[in-house]
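Take a look at the structure set out below.
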Amino acid sequence: PQGDGSVGLPHWTANNRSIEGEDVVIWHAFGVTHVPRVEDFPVMPSESTGFMLKPDGFFAGNPGVDLPPSKNAASKLVSEEGCCN
């Protein structure tokens, strides 16, 4: 059953414990509600769901910014004036 919000992440983070050097485990719970359609009879074609974890603040900046530019030998100008004249 769903709680009243008095426990959980807000309660856990209120202690301001350090997670440095610890294994952090995240339980992601979700449900799918299927609204039947006429097209689903006699076999439902598919039902998919998912999630993605993306780091935030992992680096102080974009680590690719300081890379030297690469030269692509296949790229060249169409004419001396450029490609859009």
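Quick notes on this one:
- Complete set of residues in region 27-41 that are part of a loop (DSSP other than H, G, I, E, B) and of a type in the set (A, V, I, L, M): A29, V32, V35
- Qualifying residue in region 67-78 (condition: among the basic types (K, R), closer than 30 Å to G8 by Cα and modelled with pLDDT under 80): no
- When region 5-26 is filtered for residues that are part of a loop (DSSP other than H, G, I, E, B), open to solvent by 100 Å² or more (accessible area, probe 1.4 Å) and closer than 22 Å to M52 by Cβ, the ones remaining, listed by number, are D23, V25, I26.
- Residues within region 27-66 that are of a type in the set (D, E) and under 30 Å from L9 (Cβ atoms), tallied: 2
- Tally, over region 27-45, of residues that are open to solvent by 100 Å² or more (accessible area, probe 1.4 Å) and free of Cβ contacts under 8 Å to residues at least 12 places away in the same chain: 10
The values are calculated or read from the model by the stated rules, or taken from the named source; none is laboratory data. Since the model is a prediction, treat every value here as computed from it, not as a measurement. Every residue, glycine as well, gets a Cβ built from its backbone with ideal geometry; the counts of neighbours run over all protein chains shown. Note: areas computed on protein heavy atoms with side chains; ligands, DNA, RNA excluded. Shrake-Rupley method; radii C 1.70, N 1.55, O 1.52, S 1.80 Å.
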